[in-house]
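Here the structure is laid out as structure tokens; the discussion comes afterwards.
Please treat every number below as a calculation from the coordinates, not as lab data. Nothing here was measured: the structure is a model prediction, and the numbers come from that model. No Cβ is skipped: glycine too gets one built from the backbone with ideal geometry, and neighbour counts run over all protein chains shown.
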Amino acid sequence: MIVAIRITGMVKKNRDIEETLYRLRLRRKYACAIIDENKESLGMIKKVRSFIAYGNLDKEILTELVKKRGQAADKSKKIDAEKAVEHILKNKNFENTNLKPFFRLHPPRKGINSKQHYPAGVLGSHGDKINELIRRML
């Protein structure tokens, strides 16, 4: 599973870039979305890699993300984080989990260099190091 976090804001973006971010469910700054690894989504990630940070997500971080920042699609029902995480890992979608398909995060503690690519900055592919960034943003 790939997780993508939008780093840049919304001002002065190309229309194609903005539409691609919209389709990835990254509609505002510091929004996070879990994306399937298929040909189409990898192409979209490649197109917007200068505006997002992305990498491979661990199960432990996914559980923390759902517990702390998961929002219910139906406010009258409660979220069971463990069942939701198992369903997401098994079926790779958010249907029947009562979760919105994105997470709103805080800006990272201790700051980031948002103008340069990884490892000097935060943009681009992080691999497994994205989990440390997400932990700083919870």
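Were the residues from Y30 through K46 laid out at 0.36 nm apart, the gain over their Cα-Cα distance would be 3.9 nm. Between H106 and E18, full extension at 0.36 nm per residue minus the direct alpha carbon distance yields a gain of 29.6 nm.
Within the chain, the longest run free of trypsin sites (Lys or Arg not before Pro) that sit in a DSSP loop with at most 12 other Cβ atoms within 10 Å is 29-74. Can you give the FRET efficiency to the nearest 0.05 for E82 and N38, using r as the Cβ-Cβ distance and R₀ = 30 Å? It comes to 0.70. Karplus-derived 3J(HN,Hα) values for the range 75-91, using 6.51 cos²θ - 1.76 cosθ + 1.60 with θ = phi - 60°, are 5, 6, 9, 7, 9, 9, 4, 5, 5, 5, 5, 4, 5, 5, 5, 7, 9 Hz; glycine and proline are entered as x.
Rounded to 0.05, the FRET efficiency of the D58 and M10 pair, given R0 = 41 Å and the Cβ-Cβ distance, is 0.90.
May I ask for the longest run of the chain untouched by GluC sites (Glu not before Pro) that are loop-located per DSSP and have at most 11 neighbouring C-beta atoms (other than their own) within 10 Å?
On the way: sites that count: E37, E95.
So the longest stretch without any such site is 38-94.
Sequence-ordered 3J(HN,Hα) estimates for the range 102-117 from the Karplus curve with 6.51, -1.76 and 1.60 and θ = phi - 60° stand at 9, 10, 9, 10, 7, x, x, 5, 6, x, 9, 9, 8, 9, 10, 7 Hz, glycine and proline given as x. Adding -39500 (n - 2.57) for every DSSP H run of four residues or longer, then dividing by how many residues the chain holds, sets the calculated 222 nm ellipticity at -10000 deg cm²/dmol. Once both labels are modelled 7 Å past Cα along the beta-carbon direction, what's the R135-K75 spacing in nm? In this crude spin-label approximation the distance works out to 3.4 nm. Which residues does the label zone of K68 cover in the range 1-33, counting backbone N under 20 Å from a point 7 Å along Cα→Cβ? Residues 2-8, 28-33 fall inside that zone.
Look at the alpha carbon pairs under 8 Å that are at least 6 residues apart: their mean separation over the length of the chain gives a relative contact order of 30 percent.
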